[in-house]
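Participant: If you scroll down you'll find the structure; I have some questions about it.
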Amino acid sequence: MPKISVEIPQELLEDLDGHVGDDGKFVNRSDAIRASVRKTLDILDEIDERHDRLETEE
């Protein structure tokens, strides 16, 4: 799996870390970020579909 590097504000990192770990929803930061990216892309696809902007496979 490729690795990327992302800079985010400290406040956002602290919020992210609140959802990671034994008491959080995610095992680690990578899992949290992957889930967030997937969710965002799903939302963008839904918006594109409503506006007929999705490419169709032929």
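The values are calculated or read from the model by the stated rules, or taken from the named source; none is laboratory data. None of the values given here were measured: they were computed from a predicted structure. All Cβ positions, glycine included, derive from the backbone under ideal geometry; neighbour counts span all protein chains shown. Surface accessibility is based on the protein's heavy atoms, side chains included, excluding ligands, DNA and RNA. Shrake-Rupley method; radii C 1.70, N 1.55, O 1.52, S 1.80 Å.
Participant: Check off (1) loosely packed, with under 10 Cβ neighbours inside 10 Å; (2) at pLDDT 95 or above; (3) hydroxyl-bearing (Ser, Thr, Tyr) for Thr56 and give me the number that stays unchecked.
Facilitator: The number of the failed condition is (2).
Participant: Something else now. Tell me which residues, restricted to the stretch 13-46, are open to solvent by 90 Å² or more (accessible area, probe 1.4 Å) and of a type in the set (A, V, I, L, M).
Facilitator: Scanning the stretch 13-46 gives Val27, Leu41.
Participant: How many residues are modelled with pLDDT under 95 and not in a loop (DSSP other than H, G, I, E, B) when one looks only at the stretch 1-41?
Facilitator: Number satisfying all stated conditions: 0.
Participant: Which condition number does Glu49 fail, the rest of (1) in a helix (DSSP H, G or I); (2) modelled with pLDDT of 95 or more; (3) exposed (fewer than 11 other Cβ atoms within 10 Å of the Cβ) being met?
Facilitator: If we test Glu49 against (1) in a helix (DSSP H, G or I); (2) modelled with pLDDT of 95 or more; (3) exposed (fewer than 11 other Cβ atoms within 10 Å of the Cβ), just (2) comes out false.
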